1. Looking at the stretch 97-115, I want the residues that are more than 13 Å from Asn134 (Cα to Cα) and have a partner that is in a loop (DSSP other than H, G, I, E, B) and among the β-branched types (Val, Ile, Thr) with Cβ atoms under 7 Å, at least 6 apart or on another chain. Which pairs are those?
2. For the stretch 104-135, which residues satisfy the criterion of being crowded, with 21+ Cβ neighbours inside 10 Å and hydroxyl-bearing (Ser, Thr, Tyr)?
3. For the stretch 136-149, enumerate the residues that are buried (at least 17 other Cβ atoms within 10 Å of the Cβ) and either of a type in the set (Phe, Trp, Tyr) or not in a strand (DSSP E or B) (or both).
4. Determine which single condition Leu80 fails, assuming it passes every other condition in (1) hydrophobic (A, V, I, L, M, F, W, C); (2) closer than 18 Å to Ser14 by Cα; (3) open to solvent by 70 Å² or more (accessible area, probe 1.4 Å).
5. One residue is enough: does the stretch 40-53 have a residue meeting the conditions out of contact with any Pro (no Cβ under 7 Å at 6 or more places or on another chain), in contact (Cβ under 8 Å) with a residue 24 or more places away in the chain and in a helix (DSSP H, G or I)?
6. Which members of the stretch 95-114 meet the condition of being in contact with a helix residue (DSSP H, G or I) (Cβ under 7 Å, 6 or more places away or on another chain), hydrophobic (A, V, I, L, M, F, W, C) and outside any helix (DSSP H, G or I)?
7. Can you tell me how many residues in the stretch 123-147 are of a type in the set (A, V, I, L, M) and without any contact (Cβ under 8 Å) to a residue 60 or more places away in the chain?
8. Can you name every residue in the stretch 93-149 that is more than 23 Å from Leu36 (Cβ to Cβ) and within 12 Å of the chain's Cα centre (by Cα)?
Amino acid sequence: MLFFLTTTFSFSQSENVDSYLTNLENSAQDSKLSHLKHLLYDLQSAVYASSGEINVYGDQPTALFTDNSSVNNLNTLVSLKNDIEIATIRIEKITDLNNSIDLNSFTGFEKLKYIFITSEIDTNPSVINSLIKNDTSKYVLLYKIAIGQ
């Protein structure tokens with residue numbers, strides 16, 4: 001029973017993006033690996049939501065870029081959400097760690113598969129995981145701590 005609880009709990013944790021990509025590669029999930037790399041690294045149509053402002057680049061955006069302070073307003077701010085598959089949330093300053101990341105804010109994003117949290121400040125995975133609220137394991141939660149990049 002304890003193993004089951006531990007396993008269930010671990011699904012709600014975010015994973016380092018590089019480790020996740022390596023695991024996909026090692027498990028021969030080439031299609032999933034290729035698609036995720038495309039979402040992470042290739043230029044594509046996107047919505048940028050920051051400080052209450054929305055900018056859309058291209059048609060049928062598949063990516064959303066936002067800051068942590070805007071997450072809780074995404075459902076009302078973003079109208080072009082039907083095709084978004086990845087949401088990137090930036091943690092840029094220490095005060096961003098005071099705002100939780102409520103995954104209920106993404107309920108209107110029908111195709112969303114990945115939530116990628118990038119931190120530009122010194123932090124650790126347990127702090128990032130503590131920010132995540134209302135996780136239903138519907139999304140793959142990834143993170144990267146990229147100080148000075």
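The values are calculated or read from the model by the stated rules, or taken from the named source; none is laboratory data. Since this is a predicted model, take the numbers as computed values, not measurements. Cβ sites come from the backbone with ideal geometry, for glycine too, and all protein chains shown count toward neighbours. Accessible surface areas use protein heavy atoms only, side chains included; no ligands, DNA or RNA. Shrake-Rupley method; radii C 1.70, N 1.55, O 1.52, S 1.80 Å.
1. Leu97/Thr123; Phe109/Ile84; Lys111/Ile84; Leu112/Ile84
2. Matches in the stretch 104-135: Ser105, Ser119.
3. Tyr139, Tyr143
4. Status for Leu80: all satisfied but (2).
5. Scanning the stretch 40-53 turns up at least one residue that is out of contact with any Pro (no Cβ under 7 Å at 6 or more places or on another chain), in contact (Cβ under 8 Å) with a residue 24 or more places away in the chain and in a helix (DSSP H, G or I).
6. Passing the criteria: Ile101, Leu112.
7. Total meeting the criteria: 4.
8. Matches in the stretch 93-149: Asp102 only.
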